[in-house]
Amino acid sequence: MRDNSSATRLIRPVVSSKPVTGLWWGLLGVAAFSFTVPFTRVAVGGLSPLFIGSGRAVLAAVLAALALALTRQRLPHGVQWARLAVVAGGIVIGFPLLTSYALTTVPASHGAVVIALLPAATATAVVLRSRERPPRAFWAMTAFGAVAAIGFASMSGGSAQAGGLAQAGGLGEFHAADLLLLGAVVAAAIGYAEGGLLARELGSWQTVSWALVIASPLMVSLTALSLAQQPPAATPVQWAAFAYLGIVSMFLGFFAWYRGLAIGPMAQVSQIQLIQPVLSICWAGLLLGEALGWTTLIGGLAVILCAGAAVRVRLRPAPAPPRISAIKLLEPAKD
C-alpha cells in the first residue's frame with residue numbers, strides 16, 4: 001500500500017504550533033451547521049420528517065460517492081469500517097432523523113436551545129474515547145447543563161400556540177419532542193468524537209464521505225418508504241431548505257468541522273459549538289419570525305453557560321507510564 005494512501009495517512013493534531021487553525025476550521029463548520037435547525041423547520045412544512053432525515057443523506061451520499069470516485073480514494077481497512085459505521089449511525093442516521101421528527105412539534109428556537117447541550121456532550125464523548133481523566137468539575141458542569149436543558153424544556157411556554165405550532169412545555173411535550181432532541185445530541189456527540197479521531201487517519205472529507213456511503217442503502221430504503229407514504233408537496237423555498245440540509249449540513253459542513261477536530265485539540269475545538277445555538281436562535285427569529293421570549297432567552301443562556309463551563313474545565317491527560325533509563329537498569333542492585 002502506498003505511503004500516501006488515504007487509508008494509511010495519519011493527520012497529526014496540531015497542539016503546540018498553531019492550535020488556532022483548528023478553531024477557525026471548527027468555526028466555519030459551526031457556521032454551516034447553525035442553519036440546520038431553522039431550515040429543517042422550514043422543510044417540514046411541506047416534506048415528511050422521514051423524507052427530510054433520509055433524503056438529505058441520500059443527496060449527500062451521491063456527492064460523496066462522486067468525490068471519492070473522482071479522486072480515487074483507497075478503501076478503508078479493518079476496524080476503520082466499524083468505526084465509520086459508528087460515525088454513520090450518529091451523524092447520518094441518528095441526528096437527522098431525530099431532529100426532523102422533533103421539529104414537527106417544537107419551534108426552531110426551542111430545538112436550538114436543547115441542542116446547546118451538544119458541546120458538553122461532544123467533550124464528554126471525546127474524553128471517554130481518548131481515555132483522558134477529567135476532574136470532577138467537568139462531570140458536574142455537564143450534569144448541570146443537562147438539568148438546565150430539561151428544566152427549560154419542561155416549562156417553556158406551557159401549551160401555548162405560536163403560529164399554529166405548539167410550544168414545547170409541560171412533561172407531555174418534553175417526552176414527545178425533547179427526548180428526541182436529546183437523543184440527537186447523544187448521537188451527534190458520538191459521531192463527532194469518533195469522526196474527529198478517524199479524520200486523522202482518513203482525512204476530514206473522506207471520513208464523512210465514507211460514512212455517507214456506508215449508510216446509503218438504509219437511507220435509500222427509508223427515502224423510498226417515505227415517498228410511498230407521503231409524496232412530497234413542497235414549495236420552492238422548502239425544496240431550497242432541503243437542498244441546504246443535504247449539500248451543506250450533511251456534506252460540506254463536515255469538511256470544515258472534522259478538519260478542525262482532526263487538527264485539534266478536540267476538546268478545545270468542541271467549545272466552538274457554543275456559538276451554534278446562539279446563531280440558530282438568531283436565524284429562527286430573523287428568517288422564521290419566531291418570537292424570542294424571556295423563557296427561551298434565559299433558558300438558552302443557562303444551558304449555554306453550563307455547557308461552556310463543562311467544556312472549559314481543564315482536562316488531565318492519562319499519566320504516561322514511568323520510563324526507566326538504560327543506565328538505571330545496568331546499575332547493580334543494592335542490598
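The values are calculated or read from the model by the stated rules, or taken from the named source; none is laboratory data. Fair warning: this is a prediction, and the values are worked out from it, not measured in the lab. Methodologically, a virtual Cβ is constructed for each residue, glycine included, from the backbone with ideal geometry; neighbour enumeration extends over all protein chains shown.
Name every residue in region 222-280 that is surrounded by fewer than 21 Cβ atoms within 10 Å (Cβ to Cβ), polar (S, T, N, Q) and out of contact with any Leu (no Cβ under 9 Å at 6 or more places or on another chain), in order of residue number.
Listed by number, the list holds a single entry, THR235.
When only residues in region 129-148 that are of a type in the set (Lys, Arg) and either part of a helix (DSSP H, G or I) or surrounded by 13 or more Cβ atoms within 10 Å (Cβ to Cβ) (or both) count, which is modelled with the highest pLDDT?
ARG129
Return the pairs, sorted by first residue and then second, in which the second residue is among the polar types (S, T, N, Q) and surrounded by 14 or more Cβ atoms within 10 Å (Cβ to Cβ), the first residue lies in region 218-240 and is farther than 14 Å from ARG56 by Cβ and touching a residue at least 40 places away in the same chain (Cβ under 8 Å), the beta carbons are less than 6 Å apart, and the residues are 6+ apart or on different chains.
From residues that are farther than 14 Å from ARG56 by Cβ and touching a residue at least 40 places away in the same chain (Cβ under 8 Å), the pairs are GLN230/SER48.
Give me the pairs, please: first residue somewhere in region 194-215 and touching a residue at least 24 places away in the same chain (Cβ under 8 Å), second residue anywhere and of a type in the set (Ser, Thr, Tyr) and surrounded by fewer than 24 Cβ atoms within 10 Å (Cβ to Cβ), beta-carbon distance under 7 Å, and either six or more positions apart or on two chains.
LEU202/SER6; GLY203/SER6; GLN206/SER6
For VAL248, indicate whether it is closer than 12 Å to PHE35 by Cα, β-branched (Val, Ile, Thr), under 16 Å from the mean Cα position of the chain (by Cα) and modelled with pLDDT of 80 or more.
It is true that VAL248 is closer than 12 Å to PHE35 by Cα, β-branched (Val, Ile, Thr), under 16 Å from the mean Cα position of the chain (by Cα) and modelled with pLDDT of 80 or more.
Here is a yes/no grid of residues against (1) part of a helix (DSSP H, G or I); (2) at pLDDT 85 or above; (3) out of contact with any strand residue (DSSP E or B) (no Cβ under 9 Å at 6 or more places or on another chain); (4) surrounded by fewer than 20 Cβ atoms within 10 Å (Cβ to Cβ):
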{"site": "THR8", "(1), (2), (3), (4)": "no, no, yes, yes"}
{"site": "ILE11", "(1), (2), (3), (4)": "no, no, yes, yes"}
{"site": "GLY29", "(1), (2), (3), (4)": "yes, yes, yes, no"}
{"site": "GLY46", "(1), (2), (3), (4)": "no, yes, yes, yes"}
{"site": "VAL62", "(1), (2), (3), (4)": "yes, yes, yes, yes"}
{"site": "ARG74", "(1), (2), (3), (4)": "no, yes, yes, yes"}
